[in-house]
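The values are calculated or read from the model by the stated rules, or taken from the named source; none is laboratory data. Source: prediction; values computed, not measured. Cβ atoms come from the backbone with ideal geometry, glycine included; neighbour counts cover every protein chain shown. The protein model used for the area step is the full one, side chains on, heavy atoms only, and it has no ligands, DNA or RNA in it. Shrake-Rupley method; radii C 1.70, N 1.55, O 1.52, S 1.80 Å.
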Amino acid sequence: MEKKPHFVRRELLPREVPSISLALLLAAVLLLNALLYLYLNKFSSSLGRVETDSGLCPFGYFKFGAVKNCSPWLSCEAINREVRKLKCVGEGAVKKVFLSEWKEKKVVLSQLTNSELKEDFLHGLKMLKALQSKHVVRLLGYCERQFTILTEYHPFGSLRGLNETLHIPKYKGMNTWHRRLMLAIDYVSVIRYLHSSPLGTLVMCDSNDLDKVLSQYLLTSDFHVLVNDLDALPLVNRSAGKLVKCGHRELRGEFVAPEQRWPYGEDVPFEDDLMPPYDEKTDIWKIPDVSNFFLGHVEGSDIVRLHLFDIHAACKKKDPAERPSAQEVLDTYRKVLTLLIREAAMPSTREML
């Protein structure tokens, strides 16, 4: 009698199960690394690139909202005819700022309030025109003879309100060490841009205390930082032996750099003519204090501070020549971000193991 074929159901051997699990794990790790690489490349790709955004319009033009085409900056006539003031939202020593409306869109209209400071106002306009980039608030138009500037509106306002914004329930998910470090990176990117701008090395002089610094920058709706106030940006020209002084009054306090303080002691009255000039390294001195504000007191922020300790110590060197450049600070910030993102991803990998 012919035997029927005998099929035996083959069970997976115990040692084969780990092999399959290991293969799946390796695939997951490779996928995770690929995603991490793409994510980190988003930030590192901008290092060393030209600081003008390819999405920006040519000089003298702007794009607004979802509109794809570029429009010329609004003239005096267009501003007078098409822009409607809604309310005053701020006033400083140089100008008054109005929330306004243009073609059913919110915009910001700035007008000179002190005729004695018209040179500062016009200098700010000149800088705004020349420095249009991804780091600078968008210029929509201006009228020199009426001392008026029209710019894009950002509802979150200045960085003074950052913590309040991040505590709004809708945005609490953004209140993380990661997002806060990215904001600090944005800030240092602005400083780096000013120090290597198309006009040369510019110093951010409206920065005698933390509150003043924060008032010079805007928080965008997608949580990025733009510089907004460019009224006080003197030029350093080393080849011509030209340094700068931020104003004509004595500066005090630990926030300003040592070289910005009166060097001859309390017994010698301050005289502007005797005050030595300085360079852009005053901006570097202030970076740790501004970044400390950005990092706040959320979970993980102390770990970020620990990783930034050495570069911040270098920023606080008494000798300006020993401080790092803004580019070196930016490179370090980005490396720390990359490292911490990788470390944050590792627990997930270990759990899979």
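Accessible area ranking (1.4 Å probe, heavy atoms, ligands and nucleic acids excluded), largest first, for 319, 302: 302, 319. Close amide H contacts of residue 157 (hydrogens built in the peptide plane, cut-off under 5 Å, sequence separation of 5 or more or a different chain): 219. Judged by the gyration tensor of its Cα atoms, with axes a ≥ b ≥ c, the stretch 88-148 is oblate; a/c meets the 1.5 cut and b/c is at least as large as a/b.
Among the listed pairs 172/318; 129/286; 212/242; 170/286, which have their C-alpha atoms separated by more than 29 angstrom in this model? From 172/318; 129/286; 212/242; 170/286, over 29 Å: 172/318; 170/286.
Largest first, the residues 291, 115, 239 sort by 1.4 Å accessible area into 239, 115, 291. Taking label positions 7 Å along the Cα-Cβ direction at both residue 145 and residue 314, the computed distance is 5.3 nm, reported to one decimal.
Treating r as the C-beta distance of residue 119 and residue 163 and R0 as 45 Å, the FRET efficiency rounds to 0.80.
With semi-axes defined as the square roots of five times the eigenvalues of the C-alpha gyration tensor, the equivalent ellipsoid of the stretch 212-264 measures 27, 17, 9 Å, largest first. Taking amide hydrogens as placed 1.01 Å from N in the peptide plane, the amide H of residue 107 sits under 5 Å from those of 100, 101, 102, each at least 5 positions away in sequence or on another chain.
The H on the amide N of residue 89, modeled in the peptide plane, is under 5 Å from the matching H of 97, 98, 99, each at least 5 residues off or on a different chain.
Using θ = phi - 60° in the Karplus curve 6.51 cos²θ - 1.76 cosθ + 1.60, the 3J(HN,Hα) couplings for the stretch 167-175 round to 9, 5, x, 4, 10, 4, x, 8, 8 Hz; x is entered for Gly and Pro. The distance linking the stretch 185-207 with the stretch 65-118 is 25 Å (Cα centroid to Cα centroid, whole angstrom).
Rolling a 1.4 angstrom probe over the stretch 194-334 with all protein chains present gives an accessible area of which 52% lies on carbon and sulfur atoms.
The chymotrypsin sites (Phe, Trp or Tyr not before Pro) found in the stretch 235-272 that occupy coil by DSSP, while having at most 15 further C-beta atoms within 10 Å, are 264, 270.
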